[in-house]
Each structure stands twice: as C-alpha cells, then as structure tokens.
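The values are calculated or read from the model by the stated rules, or taken from the named source; none is laboratory data. All of these numbers come straight from a predicted model, not from anything done at the bench. For neighbour counting, all protein chains shown are included, and Cβ atoms are generated from backbone atoms with ideal geometry for every residue, glycine included.
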C-alpha cells in the first residue's frame, strides 16, 4: 500500500515540476497552478504552502475523487440497465439537446433536467458513503435528549437521510421523479446529502458533480448498456469504507 502511495506521490510531484515550466501567474490553469502561485506569494509565511503539502493535497483530491466517482458510475450502469426505459429517455434528451457529435459541457446541464435528475437519484439510492466520515464533538452538546460530551467521536449516518420515508416519496425505489417538479423541471432536494453537510462537507463536491454529469452524459451519448439475457444485476451492494456493487459484467453497444 505504501509503495503505491509513493508512486502516486512521485507522479504528482512530476506534474508540479511540469506546471512550473510554463506557469502564467495571471492565468492559472488548475489547482496546482493556483497552489504554486500562493507558494510564491507566501514565501515568508508558515501557512502550509509548500511543495510537500501541495503533493499530498493533490493526492487527497485525486484518490478521493477517483474511487467514489468510479463507484457512482458503476451504480449508474446497474440502475440504467435494470431500468432500460430510463436509459432510453436519457438518451433521447441528450440527442435532442446535444446531438451525437459534440462533447457535453456543464452548460448543457440546465437543458438536461431529466438526465440531471437521474444522476442525482443514483447518488441517493447508490448510498456510496452510508456511514459518512467520523466527526468529533467540539463542545458539550445535547441532541434529541442525549448528552454528548466534548471530544466524543460521532458518526452521522447519511443512509438514514437518503432513505427517510418522510422526505422521499418512494425511498426504496429508483425514481428520478424525486428530482423533477410537475413541469418536468429539475428540483433540488435538501435531503440529498451524499457529500455530507456543514463545515466538513466533502471538499471535492463541485469536482465530483462535474465529473459525474460529464462522464454519464458522454457515455450514454455514444453507447447503450445492457447485460446478457437471464443475468440479474444485484443492488444490495457491499458496505465497507464505501458501498460498492457486487462484481458484474455489462455489454456496451455503440449507438
């Protein structure tokens, strides 16, 4: 494990050096550029802006975004295959708004309400991080009649919110309609918390949302997904640090 981490660290360090070669402080291209600029502006401060911290921060984003995003994509394939009518409806919307030639952009999301609803419903029912991450009570607190002393480890269960029967019309069913109003327009739901909430909400939420939308739209724009006759995909999942699907195979057909 440590060998693999070191390999990723070396890869990111090489990227940092490449960024330095053609850095334009007035036009940062990405996170690494922005961090390097801050390093140059804060040479005399001790705010954590150094190359070691840059490598580890970039690695955190790289690893956290890779595993959770790929797992969400797997759940997307499972639910779209189990609900072919949803897959066809998404593809029809993509064909109508984008077509099959140009790649999707984030500007398209506002014009793809049904597709956006499907992405959000997969995040809800996929329940990728059901137990959330550990938190720590910063002060003595009373919650729901229970006293929680300062320093107590707390595990806020996201699962309980994502499947709350008082918040969702059909919590145990895959239903993109959870995120559509009566006119078919996308609607935000406060009970959707796949990235947690509060000050410690997932740092990569914005990046993950962009990745999921662009990857899913790009895949369905070019391919249709299915399994062989008689194959039944499982949705119970395996819960560890994240909740992942059981191993499965799918077939992709070029549209």
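Okay, here's what the table says:
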{"read-out": "Enumerated helices (runs of 4 or more DSSP H) restricted to segment 1-99, each holding at least 2 residues that are at pLDDT below 90 and under 26 Å from the mean Cα position of the chain (by Cα)", "value": "2-21, 51-82"}
{"read-out": "Any pair with Cβ under 8 angstrom, 6 or more apart, that starts in segment 130-141 at a residue that is touching a residue at least 12 places away in the same chain (Cβ under 8 Å) and ends at one that is surrounded by 14 or more Cβ atoms within 10 Å (Cβ to Cβ) and part of a loop (DSSP other than H, G, I, E, B)", "value": "132/156; 132/196; 133/196; 135/156"}
{"read-out": "All positions within segment 169-191 that are over 21 Å from residue 201 (Cβ atoms) and either out of contact with any helix residue (DSSP H, G or I) (no Cβ under 9 Å at 6 or more places or on another chain) or assigned to a loop (DSSP other than H, G, I, E, B) (or both)", "value": "169, 170, 171, 172, 173, 174, 175, 181, 182, 183, 184, 185"}
{"read-out": "Only listed residue being surrounded by 15 or more Cβ atoms within 10 Å (Cβ to Cβ) and on the phi > 0 side of the Ramachandran plot, chosen from 230, 198, 237, 204", "value": "237"}
{"read-out": "Check on residue 192, buried (at least 18 other Cβ atoms within 10 Å of the Cβ) and either modelled with pLDDT under 95 or more than 21 Å from residue 68 (Cβ to Cβ) (or both)", "value": "no"}
{"read-out": "Residue in segment 137-154 that is nearest to the chain's Cα centre (by Cα), counting only those that are surrounded by fewer than 10 Cβ atoms within 10 Å (Cβ to Cβ) and closer than 26 Å to residue 243 by Cβ", "value": "153"}
{"read-out": "In segment 220-230, the residues that are in a loop (DSSP other than H, G, I, E, B) and at pLDDT 95 or above", "value": "227"}
{"read-out": "Candidates 98, 81 - the one that is surrounded by 14 or more Cβ atoms within 10 Å (Cβ to Cβ) and in contact with a strand residue (DSSP E or B) (Cβ under 6 Å, 6 or more places away or on another chain)", "value": "81"}
{"read-out": "Hits in segment 35-50 - residues which are surrounded by fewer than 14 Cβ atoms within 10 Å (Cβ to Cβ) and within 15 Å of residue 17 (Cα to Cα)", "value": "40, 50"}
{"read-out": "Flag for residue 53 being farther than 30 Å from residue 184 by Cβ and surrounded by 14 or more Cβ atoms within 10 Å (Cβ to Cβ)", "value": "no"}
{"read-out": "Any hit, segment 137-149, residues being under 21 Å from residue 210 (Cβ atoms) and in a loop (DSSP other than H, G, I, E, B)", "value": "no"}
{"read-out": "Segment 100-130: number of residues that are within 16 Å of the chain's Cα centre (by Cα) and more than 19 Å from residue 180 (Cβ to Cβ)", "value": "5"}
